[in-house]
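Worksheet for the structure shown next.
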Ligand SMILES: Nc1ncnc2c1ncn2[C@@H]1O[C@H](COP(=O)(O)OP(=O)(O)OP(=O)(O)O)[C@@H](O)[C@H]1O
Ligand SMILES: [Mg+2]
């Protein structure tokens, strides 16, 4: 069985692509044949985060329009041979993605015995975002602890339970998870940022993971290596935990507390 | 907190403010989410009419769309302000 997972958020720039790259990499690392698809037509970025931008020859839209086969367009990851990237096209034609076309690609991935297909949604609630979620079995809603992101996530949760194939068939929404990213425990403790409990309570869906704000994320995107590869970084470790939970591991949440400072630092700041 | 922070005016606990605002707006948007597109507008116009007569908060009008086997029921509730004890005029 192939499981399709959409990474979505409504609001832009909250960490969907960062998350798609790390979750897909983590699933492959755990032995599952995985494809990660960039649905952000016109604003291709996943290829950069995955570090395969120079190997893109054909893209998602080429496959949909029968200009290339899926095999030709799938880019095999440098590190894991069970991980593939399907790049978004740089066309400005937003109509290039069609529901039938997307369905055909997903069916072909299923026939090719992929275990997971991770769909990196564009921001907003327009066509690309709609198609990214439409066929999903599960959803990971990426949210930052900030008012507009939380509100947009709730909007997306509403769409997930009404505007997907599952919902239209009356099967109800599939599992939905919250992934809280760019979390800063120091600011939470200072009362400057909503806590994981606040966000969980407002949105009322379970938390898959909390990814701390980390300098390592920029370093990872600079070098085109998904941050989950960086076992030293707390963001990488938090993503590895989230992958574990997706696969059913029971793991405690980490990195929710501010690192304890010594007396000197407390008195004189950092 | 560093020594310098003691000298600065401390910001309020804005995380609590964010949480309370979100609680209200999310509940409001959920109530009208699956309903027709005119519900939010209807709600606002009702609010304006009510405000001609009594002063109520912007979140005083709650709309709920209930679906049952017999059809849909639009439920409106208006929280009126507490009546202050009449002052002897
Ligand atoms: N945990 C984190 N710590 C620090 N920076 C982060 C973290 N997660 C994401 N970022 C940064 O936030 C920015 C946006 O991330 P990303 O591109 O993944 O978001 P997105 O939701 O895919 O954006 P878009 O809506 O434009 O597709 C990037 O610069 C990324 O490096
Ligand atoms: Mg993105």
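The values are calculated or read from the model by the stated rules, or taken from the named source; none is laboratory data. Source: prediction; values computed, not measured. Please note: Cβ atoms are built from the backbone with ideal geometry, for glycine as well, and neighbour counts cover all protein chains shown.
Observations, loosely collected:
- Identification of helices (runs of 4 or more DSSP H) wholly contained in the stretch A:138-236 with 1 or more residues that are within 12 Å of chain B (Cβ to nearest Cβ) and at negative phi yields A:147-160, A:165-168, A:185-189, A:196-203.
- Of the candidates A:14, A:57, the single residue that is more than 10 Å from ligand 1 (Cβ to nearest atom) and either modelled with pLDDT of 95 or more or in contact with a helix residue (DSSP H, G or I) (Cβ under 7 Å, 6 or more places away or on another chain) (or both) is A:57.
- Looking at A:217, A:225, just one residue is closer than 24 Å to residue A:24 by Cβ, more than 16 Å from ligand 2 (Cβ to nearest atom) and in contact (Cβ under 8 Å) with a residue 60 or more places away in the chain, and that residue is A:225.
- Single residue of B:33, B:51 found to be more than 14 Å from every other protein chain (Cβ to nearest Cβ) and either within 26 Å of residue A:199 (Cβ to Cβ) or modelled with pLDDT of 80 or more (or both): B:51
- In the stretch A:2-16 there is no residue matching the filter, namely being more than 12 Å from ligand 2 (Cβ to nearest atom) and out of contact with any strand residue (DSSP E or B) (no Cβ under 9 Å at 6 or more places or on another chain).
- Selected residue (criterion: surrounded by the most Cβ atoms within 10 Å (Cβ to Cβ)) from residues of the stretch A:25-48 that are outside any loop (DSSP other than H, G, I, E, B), within 13 Å of ligand 1 (Cβ to nearest atom) and more than 12 Å from the chain's Cα centre (by Cα): A:47
- Looking across the stretch A:61-118, the residues that are part of a loop (DSSP other than H, G, I, E, B), touching a helix residue (DSSP H, G or I) at 6+ places or on another chain (Cβ under 7 Å) and under 20 Å from residue A:133 (Cα atoms) come down to A:87, A:88, A:89, A:97, A:98.
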